[in-house]
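Asks: Below is the structure I would like to discuss, written out as structure tokens.
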Amino acid sequence: MTQKTLIEGVREALMEEMERDERVWVLGEDVGRKGGVFLATEGLYDRYGEARVLDTPLAESSIIGVAIGAAMNGTIPVAEIQFADFIHPAFDQIVSEAARIRYRSNGDFGCPIVIRAPFGGGVHGGLYHSQSVEAFYAHVPGLKIVIPSTPEDTKGLLKAAIRDPDPVMFFEHKKTYRLIKGEIPEGDYVTPIGKAAVRREGTRLSVFAWGLMVHYCLQAAEEVAQEGISVEVVDIRTIAPLDKPAILASVEKTARALVVYEDNLTGGFGAEIAAIIAEEGFEMLDAPVIRVAGPDVPAMPFNKPQEEFFLPSPERIATAMRKLASY
Amino acid sequence: MYRQMVLARAVDRRMWVLNRQGKAPFVISGQGHEAIQVAAANAMRPGSDWLVPYYRDLAFCLALGQTARDFMLSVFGRAEDPNSGGRQMPSHFGSSRLRIMTKSSVVGTQICHAAGIAYAAKVRGLDEVAVTCIGEGGTSQGDWHEGLNWAGVHRLPFICIVQDNDYAISVPHRLQMGIDNVAKRAVGYGIAGVTVDGGDLLASYAAVKAAVERARGGDGATLISAKVARFTSHSSDDDQRRYRPQAELEALLRRDPIERFRGYLLDEGVMAEDVDDSVQQEATAEVDAAVTYAEAAASPLAEDTLRNVFAEESA
Ligand SMILES: Cc1ncc(C[n+]2csc(CCOP(=O)(O)OP(=O)(O)O)c2C)c(N)n1
Ligand SMILES: [Mg+2]
């Protein structure tokens, strides 16, 4: 099988789901003729036309608000927010509306929308093109949150998101778009939402990560393996619902847990994973749970030294692994 | 339409009584707004056209097919409440069957939803119109602008009715916008702007009917500014005597849309006094029955707090 990029996974999922189900449509800024600023929607406009591949006004709250309304009236919108950094104007529509429509109507209405957004740093995106936003939404029951790290998962999970009857936020790490290549199975397949994946088996310690950090953790695990430290790398894949059994099963095996995320340390989603392990896995632990994350500064700077300082690197992760292994 | 207004008023008055009796923790009213709402409902095709409502739309929702019982079930927060199973405060309407979209308490978000419903209707080739309501204070929200902009860009079958009662809780119209009439903004969106006396049932009907025809004919969206009177305080947690002069409150009573239409019907000889009496009695009887039923109805189960977060078959 040929190697494909992660963004091809996005594109193939959209193309095939729009073909399979004419209720599916795409909206966002520049998703039409241009095919998106990252070319995630390339080819869709030519195939499906303007009504189903719609360039919207530059107004994020209405991108989500209109998607919600259109979902009420028999369609399945896939809304693209050009960068996760610009999702904040739509926070209200996502949190007060999409997430609560089923709950507040006691099941009378559902809200089958997908919100895609590229997130994450390491691309010289500066303060406003590098953010991780998953923690804001992880706090909100009623939303499903997916962050794929491989091309295969990207396609399978995006298909699952589109077929899901509830709102799904789908965050794609922009640095992985072309960096990460892998096989994409032929034919139609769905990767279930709510399941973590063990990317590397190990015995000495477990590391939990998502998005780009999965790959940095794999590199770090490879490095410390030379020193005899066997690391298990668990790709969280879906922040909500979170695969708690998989997390606890890995901790049971290794008795040591490291959580890695590129968001700011304080209140980042990794804090929740650490809390779950501490609360439900205390008896299994031989060492405290450790976190490696971005520093508590407002956002990721543009210049090279400061961007590198912010983003957890394979080296920093390897250092934490050594520390934890020797505890 | 007269009957619908009378019923709405009777339901609305009763909920305040229940509030004073300590039986209804919170109520919010549509008294004074009935004419524009009932007119709009009758200009629509119920079950096919959509209403994306706001919290004053009691008369609107009753005219679209909700019942006094449905409403009283929500006042008491009962399990059978069709709007939300007792989860939301009363007047947060919603019914998929009647195509009344579920509403949050957030002022303004609904305008984008109506634009989305209308966009889907247009793309799917459905002969449907999306009507949404908001107060004049709500028009200051960004979502109001964003939704109307969509309606203009795509010439959507969309109608926004601004029920302008001069106040947003206590904030007067002059501190809300620099214009006397919000319909003036329509030109900025490339849609039709219409001003109507929202206390005049027949004028309101004509205005909404024309907007519905414009929408159905593919001629795009309409912004209707309907001037109305807010008879009650903003809600049961407010006392409007603190910020509205006594003379203003007294003058309001002369703007009662139901009295105006009643006078018209009697003067024109369309309705006899005794018919009016029976209309009033029927409304009272319906409200009595609704309250009796709702008060006795079961509350939701505490453990059901956890239900309907996600689709249950997939959860
Ligand atoms: C976004 C938001 N801000 C504030 C409130 C609190 N609030 C509820 S109704 C209201 C006034 C609304 O006034 P208007 O839009 O004129 O409608 P009216 O109540 O007069 O019909 C306010 C401030 C809210 N519900 N939502
Ligand atoms: Mg008002």
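Asks: Tell me the residue from A:I277, A:I290, A:I273 that is in contact (Cβ under 8 Å) with a residue 60 or more places away in the chain and in contact with a helix residue (DSSP H, G or I) (Cβ under 7 Å, 6 or more places away or on another chain), please.
Replies: Sole residue among the options that is in contact (Cβ under 8 Å) with a residue 60 or more places away in the chain and in contact with a helix residue (DSSP H, G or I) (Cβ under 7 Å, 6 or more places away or on another chain): A:I273.
Asks: Identify, please: which residue in the stretch B:219-261 is in a helix (DSSP H, G or I) and of a type in the set (A, V, I, L, M) and is, among those, surrounded by the most Cβ atoms within 10 Å (Cβ to Cβ)?
Replies: B:I258
Asks: Identify, by number, the condition in (1) away from every other protein chain (no Cβ under 12 Å); (2) within 28 Å of B:G94 (Cα to Cα); (3) without any contact (Cβ under 8 Å) to a residue 60 or more places away in the chain that A:F86 doesn't meet.
Replies: (2)
Asks: Quick test for you: out of B:V107, B:V182, pick the one residue that is within 14 Å of chain A (Cβ to nearest Cβ) and not hydroxyl-bearing (S, T, Y).
Replies: Step by step, each of B:V107, B:V182 is checked, and only B:V107 is within 14 Å of chain A (Cβ to nearest Cβ) and not hydroxyl-bearing (S, T, Y).
Asks: Looking only at strands (runs of 3 or more DSSP E) that lie completely in the stretch B:115-218, which have at least 2 residues being within 16 Å of ligand 1 (Cβ to nearest atom) and touching a residue at least 40 places away in the same chain (Cβ under 8 Å)?
Replies: The strands (runs of 3 or more DSSP E) meeting that bar are B:130-135, B:158-164.
Asks: Just give me the residues in the stretch A:160-194 being touching a Leu at 6+ places or on another chain (Cβ under 9 Å) and part of a helix (DSSP H, G or I), in sequence order.
Replies: A:I162, A:T176, A:Y177, A:R178, A:L179
Asks: May I pose another question? Counting residues that are among the basic types (K, R), which helices (runs of 4 or more DSSP H) fully inside the stretch A:53-144 reach at least 2?
Replies: The qualifying helices (runs of 4 or more DSSP H) are A:101-104.
Asks: Name the residue that is nearest to the other protein chains (Cβ to nearest Cβ), counting only residues in the stretch A:23-40 that are outside any strand (DSSP E or B) and closer than 13 Å to A:A117 by Cβ.
Replies: Looking at the filtered set, the residue picked out is A:E29.
Asks: Separate question: Hey, among B:W16, B:W50, which residue is more than 11 Å from every other protein chain (Cβ to nearest Cβ) and either surrounded by fewer than 22 Cβ atoms within 10 Å (Cβ to Cβ) or over 28 Å from B:L301 (Cβ atoms) (or both)?
Replies: The match here is B:W16.
Asks: Please go through (1) in a strand (DSSP E or B); (2) surrounded by 24 or more Cβ atoms within 10 Å (Cβ to Cβ) for A:K4 and return the number of the only condition it doesn't satisfy.
Replies: Every listed condition holds for A:K4 apart from (2).
Yes/no per residue for (1) within 14 Å of chain A (Cβ to nearest Cβ); (2) modelled with pLDDT of 95 or more; (3) out of contact with any His (no Cβ under 6 Å at 6 or more places or on another chain):
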| residue | (1), (2), (3) |
| --- | --- |
| B:A226 | no, yes, yes |
| B:A229 | no, yes, yes |
| B:S236 | no, yes, yes |
| B:Y243 | no, yes, yes |
| B:L252 | no, no, yes |
| B:D267 | no, yes, yes |
| B:T284 | no, yes, yes |
| B:A289 | no, yes, yes |
| B:N308 | yes, yes, yes |
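Asks: Conditions: (1) more than 16 Å from ligand 1 (Cβ to nearest atom); (2) within 13 Å of another protein chain (Cβ to nearest Cβ). B:L62 meets all but one. Number of the miss?
Replies: The failed condition is (2).
Asks: Check off (1) within 16 Å of ligand 2 (Cβ to nearest atom); (2) within 15 Å of the chain's Cα centre (by Cα) for B:Q141 and give me the number that stays unchecked.
Replies: Only one criterion is unmet by B:Q141, namely (2).
Asks: Another question, if that's okay. So, restricting to strands (runs of 3 or more DSSP E) that lie completely within the stretch A:202-274, which ones have at least 1 residues that are charged (D, E, K, R)?
Replies: A:231-235, A:257-264
Asks: Let me ask another. Any chance the stretch A:61-73 includes a residue that's surrounded by fewer than 17 Cβ atoms within 10 Å (Cβ to Cβ) and under 25 Å from B:L51 (Cβ atoms)?
Replies: Checked against the condition, which is being surrounded by fewer than 17 Cβ atoms within 10 Å (Cβ to Cβ) and under 25 Å from B:L51 (Cβ atoms), the stretch A:61-73 yields no hits at all.
Asks: Give the stretch B:20-39 a look and list any residue that's buried (at least 18 other Cβ atoms within 10 Å of the Cβ) and assigned to a helix (DSSP H, G or I), or say none.
Replies: Answer for the stretch B:20-39, where residues must be buried (at least 18 other Cβ atoms within 10 Å of the Cβ) and assigned to a helix (DSSP H, G or I): B:E34, B:A35, B:I36, B:Q37, B:V38, B:A39.
Asks: So which residues in the stretch B:40-59 are part of a loop (DSSP other than H, G, I, E, B) and within 16 Å of ligand 1 (Cβ to nearest atom)?
Replies: Within the stretch B:40-59, B:P53, B:Y54, B:Y55, B:R56, B:D57 meet the criteria.
Asks: Mind checking which pairs have a first residue in the stretch A:159-187 that is under 26 Å from A:S130 (Cα atoms) and surrounded by fewer than 24 Cβ atoms within 10 Å (Cβ to Cβ) and a second that is of a type in the set (G, A, S) and modelled with pLDDT under 95, Cβ under 6 Å, 6 or more apart or different chains?
Replies: From the stretch A:159-187, no pairs qualify.
Asks: Tell me yes or no: at least one residue of the stretch A:16-29 is among the small types (G, A, S) and either without any contact (Cβ under 8 Å) to a residue 12 or more places away in the chain or touching a His at 6+ places or on another chain (Cβ under 8 Å) (or both).
Replies: Among the residues of the stretch A:16-29, not one is among the small types (G, A, S) and either without any contact (Cβ under 8 Å) to a residue 12 or more places away in the chain or touching a His at 6+ places or on another chain (Cβ under 8 Å) (or both), which makes the answer no.
To keep it simple, each residue is scored yes or no on (1) surrounded by fewer than 19 Cβ atoms within 10 Å (Cβ to Cβ); (2) under 22 Å from A:F136 (Cβ atoms).
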{"position": "A:A225", "(1), (2)": "yes, no"}
{"position": "A:L242", "(1), (2)": "no, yes"}
{"position": "A:E262", "(1), (2)": "no, yes"}
{"position": "A:G268", "(1), (2)": "no, yes"}
{"position": "A:I273", "(1), (2)": "no, yes"}
{"position": "A:P298", "(1), (2)": "yes, yes"}
{"position": "A:L311", "(1), (2)": "no, yes"}
{"position": "A:I317", "(1), (2)": "no, no"}
{"position": "A:S326", "(1), (2)": "yes, no"}
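Asks: Going by the conditions given, is A:E134 buried (at least 21 other Cβ atoms within 10 Å of the Cβ) and within 24 Å of B:F158 (Cα to Cα)?
Replies: Here the answer is no, as A:E134 does not meet what is asked.
Asks: Would you say B:A298 is of a type in the set (A, V, I, L, M, F, W, C), closer than 16 Å to B:Q31 by Cβ and out of contact with any strand residue (DSSP E or B) (no Cβ under 8 Å at 6 or more places or on another chain)?
Replies: no
Asks: Considering only the stretch A:108-130, I want to know if a residue exists there that is β-branched (V, I, T), surrounded by fewer than 24 Cβ atoms within 10 Å (Cβ to Cβ) and within 14 Å of chain B (Cβ to nearest Cβ).
Replies: no
Asks: So is B:F76 surrounded by fewer than 21 Cβ atoms within 10 Å (Cβ to Cβ) and either of a type in the set (D, E) or more than 14 Å from the chain's Cα centre (by Cα) (or both) or not?
Replies: It is false that B:F76 is surrounded by fewer than 21 Cβ atoms within 10 Å (Cβ to Cβ) and either of a type in the set (D, E) or more than 14 Å from the chain's Cα centre (by Cα) (or both).
Asks: Identify, please: which residue in the stretch B:88-99 is of a type outside the set (S, T, N, Q) and in contact with a helix residue (DSSP H, G or I) (Cβ under 6 Å, 6 or more places away or on another chain) and is, among those, surrounded by the most Cβ atoms within 10 Å (Cβ to Cβ)?
Replies: For the stretch B:88-99, the residue satisfying everything is B:F93.
Asks: Please indicate, with yes or no, whether at least one residue in the stretch B:219-229 is touching a helix residue (DSSP H, G or I) at 6+ places or on another chain (Cβ under 7 Å), within 16 Å of ligand 1 (Cβ to nearest atom) and more than 30 Å from B:V123 (Cβ to Cβ).
Replies: Taking every residue of the stretch B:219-229 in turn, at least one turns out to be touching a helix residue (DSSP H, G or I) at 6+ places or on another chain (Cβ under 7 Å), within 16 Å of ligand 1 (Cβ to nearest atom) and more than 30 Å from B:V123 (Cβ to Cβ).
The values are calculated or read from the model by the stated rules, or taken from the named source; none is laboratory data. Predicted, not measured: the structure shown is a model, and the values here were computed from it. Glycine also receives a Cβ, built like all others from the backbone with ideal geometry; neighbour counts cover every protein chain displayed.
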